[in-house]
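Structure, as structure tokens:
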Amino acid sequence: MFKNDQLIKYPYYHILIDIYPYFRYIYDMKTTVEINDNLLLETKKLARERGTTFKELLESALRAFLTSQQQKQDQYRFRSHTFKGKGIQEGICEGDWQHIRALIYQGRGG
């Protein structure tokens, strides 16, 4: 990792690595992403126009996408599928699916 002379020059690295031994693996991680050529050119052009790097623009876009997906997921609600009435009809036992199936298909060839 670091030699003794490097630890003297940069003592904070030694502390950082002792506290977070996995940090260097996360920090130095690189990934290859295949992107359509036209999309890549448009993104690089937009990054130049905004005065930012391609990496920063890509990270920002991914964060925005993940946030929007989480918000969509949080907003989902089950719709009520209840019916008016007083529950199960007389003569039907809850869980007796053979009897319920027979009543559903009665007179329909089932």
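The values are calculated or read from the model by the stated rules, or taken from the named source; none is laboratory data. Given the structure is predicted, the values throughout are model-derived calculations rather than measurements. Glycine also receives a Cβ, built like all others from the backbone with ideal geometry; neighbour counts cover every protein chain displayed.
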If you go through Lys72, Lys30, Lys44, the only one that is out of contact with any Leu (no Cβ under 8 Å at 6 or more places or on another chain), in a helix (DSSP H, G or I), of a type outside the set (Asp, Glu) and exposed (fewer than 10 other Cβ atoms within 10 Å of the Cβ) is Lys72
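On the given criteria, is Ser60 hydroxyl-bearing (Ser, Thr, Tyr), part of a helix (DSSP H, G or I), at pLDDT 90 or above and under 25 Å from Thr31 (Cβ atoms)?
Values: hydroxyl-bearing (Ser, Thr, Tyr): yes; part of a helix (DSSP H, G or I): yes; at pLDDT 90 or above: yes; under 25 Å from Thr31 (Cβ atoms): yes.
Considered against the rule, which asks whether it is hydroxyl-bearing (Ser, Thr, Tyr), part of a helix (DSSP H, G or I), at pLDDT 90 or above and under 25 Å from Thr31 (Cβ atoms), Ser60 comes out as yes.
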